[in-house]
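Written out below as structure tokens is the structure these notes cover.
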Amino acid sequence: MKALAFCFVFFTSIFSFGQKLELVYSTQSLIGKHEIYYHTHQNLPIFNKLIKKNTFSSKVHIFDTEIRLSPLNRNLLSSDTILNEKSGFLFDKGNLISVSAFTIMDTIGKSFTLYLNNQNYTIHHISHNSNLKDTLITGSVFLPDPLSSSGESYGGSFIDSNDETNDDIDKELKEVQLYATFEDGKFLLKNKHLKISNHSAPDIQPTERTEPIFEFNRSEIGFEEINALYHISRFADYIKDTLGFKNIVNYQIAVDVYALNGGDQSEFISSTNPPRLNFGQGGVDDAEDADVLIHEYSHAVSHSAAPGTLIGYERRAMDEGLADFWAAAYSKMLNEYNYKEIFNWDGHNEFWDGRSIDNQKKYTDGLTGNKYEDGELFGALLMDVRNNIEDSIADKIILQSIYSWYPNMNFSDAFDQIMKADTLMYNSENSEILLWVGCNRGVLTENCQNIVEKNISKFNINYTLLNQGILELSHPTLNTSVKIFTLDGKLYFSKILNGKHIKLPDIKQGIYILQIDQFSEKIIIN
Ligand SMILES: [Zn+2]
């Protein structure tokens, strides 16, 4: 906090008394404004002395940086197209050097800014090729895994059988288009979100093709690469483009789908540059199951939002629960069948049990001390939030709340951050439903007696008429009025519902109006 205050004073003094600053970029995040300035000298920019200013309502955070020079053995060529030209300075070892900056595009489409000194040497450069030229390829994937898409259980022809395939499993291969890269005459499995890489044993090089067709079955090398490229990219597109968290995991993560020497595990490594994902091939190959891919990538998401905070038992269990939650949420987008089961294909079989966030665990019942089991409670809590608020709004609130995570926090602290995110982003619009969800899972204990909130009006009513006249809601509810009217408006039945099941009276066949609080719809009783 002191450092921040100091920075702020320093920054103000730059504006008030010192040199001028030149605004270079200004961007807007979901809840703040972010600007980059050059320091200047004689009214010209010093290209490698920059100030980053983050503004959140009234709070300002300043970072003043100096970029080390990066010379390049390449001068300006007559074949280069000059996109922009600007004069200024570079700061090096206490001296200011006068330079001309040329932003160019070369004949094969690469773009750089070259900083030339008075002798026309490139004493510094910036490459603008980090956004790879994406190209579409065609490939085969599971959506999200062969059991969810077929509705089958593990067994019969749906078994690992040492990575073999068969007609039934091949039927679950879905043809998709996905972004890859075309470079030097070859299609390579990398795009802006990730690159398939070989950094862990066994030594299997990423697949390359001269044609944009990558159709493999699960027994072939290449299938897991395509499956990983497709699912991680699709999930990354969802959180970055659909939800709007543009800067999250803003690097190309390195993904090895044939890793860990055949081990039956997967992992995210944050310490390498770029960070990595490793997927083992023991049992069902981990990268064949979208749940495993999204679970591991979610660790990269939380590391990106709140680096340096994965400390403390409950905080680590939260990371597992969050990763299981995103795996389930992603599965649900593809196919609702069994989406709350995590690792449907990789787990729930002879190799290991997998996990599930379809549970009634409560925080007030106590934790087990196993971060994966306790993570199932946290994941289930997040899924309750999602299923009681509109999906993408809940996802935004949850993702925003992760930025505020800190070491040694517990599940209740995490829930506080969710409530805060709702307050900042949606003006507490969802606070009552969140209160209900938090009390229900035991992460909130205060004010729980007084909840008579009828959460039912907040979510899309989803009900099923079961046998023997049982009406089942997809979500439990409190003090909710359930009424049945005849078509001419006569009240036929009225009862208060607590929970999710209610027994309807024996009604003769016909069409009626079902009213659940403010919601009403015609139903057919037969
Ligand atoms: Zn994990």
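No value in this document is a laboratory result; all are computed from the given coordinates. Please read all numbers here as calculations on a predicted model, not as lab measurements. Using ideal geometry, Cβ is built from the backbone for each residue, glycine included, and neighbour counts are taken over all protein chains shown.
Within a Cβ distance under 11 Å of ASN250, other residues only, what is the Lys/Arg minus Asp/Glu net charge?
Surrounding charge for ASN250 is +3.
Please compute P(r) over all alpha-carbon pairs of the range 393-450, binned at 10 Å starting from zero, and give each bin as a whole-number percent.
Whole-percent P(r) values from 0 Å outward: 24, 55, 20, 0.
Once the Cα atoms of helix 290-305 and of the chain are each reduced to a long axis, what angle between those two axes, in degrees from 0 to 90 to the nearest 10, is obtained?
So the helix axis and the longest Cα principal axis differ by about 50 degrees.
Does the range 135-304 classify as rounded, prolate or oblate by the C-alpha gyration tensor (a ≥ b ≥ c root eigenvalues; a/c under 1.5 gives rounded; else a/b over b/c gives prolate, otherwise oblate)?
Rounded shape, in that the Cα axes give a/c under 1.5.
State the number of lysine pairs found in the range 135-304 whose Cα atoms come within less than 22 Å, restricting to pairs 8 or more positions apart or on distinct chains.
Taking the range 135-304 as the scope, the lysine pair count is 9.
Run the reach check for LYS93 against aspartates and glutamates, Cα to Cα strictly under 15 Å, same-chain hits fewer than 8 apart removed. What comes back?
Straight-distance partners of LYS93: GLU66.
Assuming 0.36 nm per residue, please report the length gained on full extension of the stretch GLU446 to SER392 beyond their Cα-Cα distance.
16.6 nm
Which of rounded, prolate or oblate describes the range 310-424 when judged by the alpha-carbon gyration tensor and an a/c cut-off of 1.5?
Oblate, because a/c is 1.5 or more while a/b does not exceed b/c.
How many Å³ per residue does the convex hull of the Cα positions in the chain occupy?
Convex hull volume per residue, Cα atoms: 208 Å³.
If I model a spin label as a point 7 Å beyond the Cα along the Cα-Cβ vector, how far apart are those points for ILE496 and ASP353 in nm?
Distance between the two pseudo-spin positions: 3.9 nm.
Please state the shape class of the range 240-386: rounded when a/c is under 1.5, otherwise prolate if a/b exceeds b/c and oblate if not, all from the C-alpha gyration tensor.
Here the range 240-386 falls in the rounded category.
Using just the helices of the chain, give the 222 nm mean residue ellipticity in deg cm²/dmol: DSSP H runs with n ≥ 4 each add -39,500 (n - 2.57), and the total is spread over all residues, rounded to 500.
That comes out to -8000 deg cm²/dmol.
By per-residue mean of other Cβ atoms within 10 Å, what is the highest-first order of 73-82, 250-259, 417-426?
Per-residue mean Cβ counts within 10 Å order the peptides as 250-259, 417-426, 73-82.
For helix 391-402, what angle does its Cα long axis make with the longest principal axis of the chain, in degrees from 0 to 90 and rounded to 10?
50
For the Cα atoms of the chain, what angle does the longest principal axis make with the long axis of helix 431-441, in degrees from 0 to 90, nearest 10?
The answer is roughly 70 degrees.
Using a simple charge model, +1 on the beta-carbon of Lys and Arg, -1 on the beta-carbon of Asp and Glu, nothing else, what dipole does the chain show about its Cα centre, in debye to the nearest 20?
The calculated dipole for the chain is roughly 2780 debye.
Go ahead and run the numbers for FRET between ASP168 and ASN273, Cβ-Cβ distance against an R0 of 35 Å, rounding to 0.05.
0.25
Could you pull out every residue, at least 5 positions away or on a different chain, whose amide H is within less than 5 Å of the one on SER481? Hs are placed 1.01 Å off N in the peptide plane, and Pro or chain starts have none.
LEU497, ASP517
At a 10 angstrom cut-off on C-beta neighbours, averaged per residue, how do the peptides 46-57, 482-493 rank from highest to lowest?
46-57, 482-493
Once the piece of chain linking ASN247 and TYR313 is laid out straight, how much longer is it, given 0.36 nm per residue of separation minus the C-alpha distance between them?
Gain on extension, ASN247 to TYR313, equals 21.0 nm.
If I model a spin label as a point 7 Å beyond the Cα along the Cα-Cβ vector, how far apart are those points for GLU215 and THR55 in nm?
In this crude spin-label approximation the distance works out to 5.5 nm.
Given 0.36 nm per residue, what is the gain on full extension from ASN120 to ARG68 after removing their alpha carbon distance, in nm?
16.8 nm
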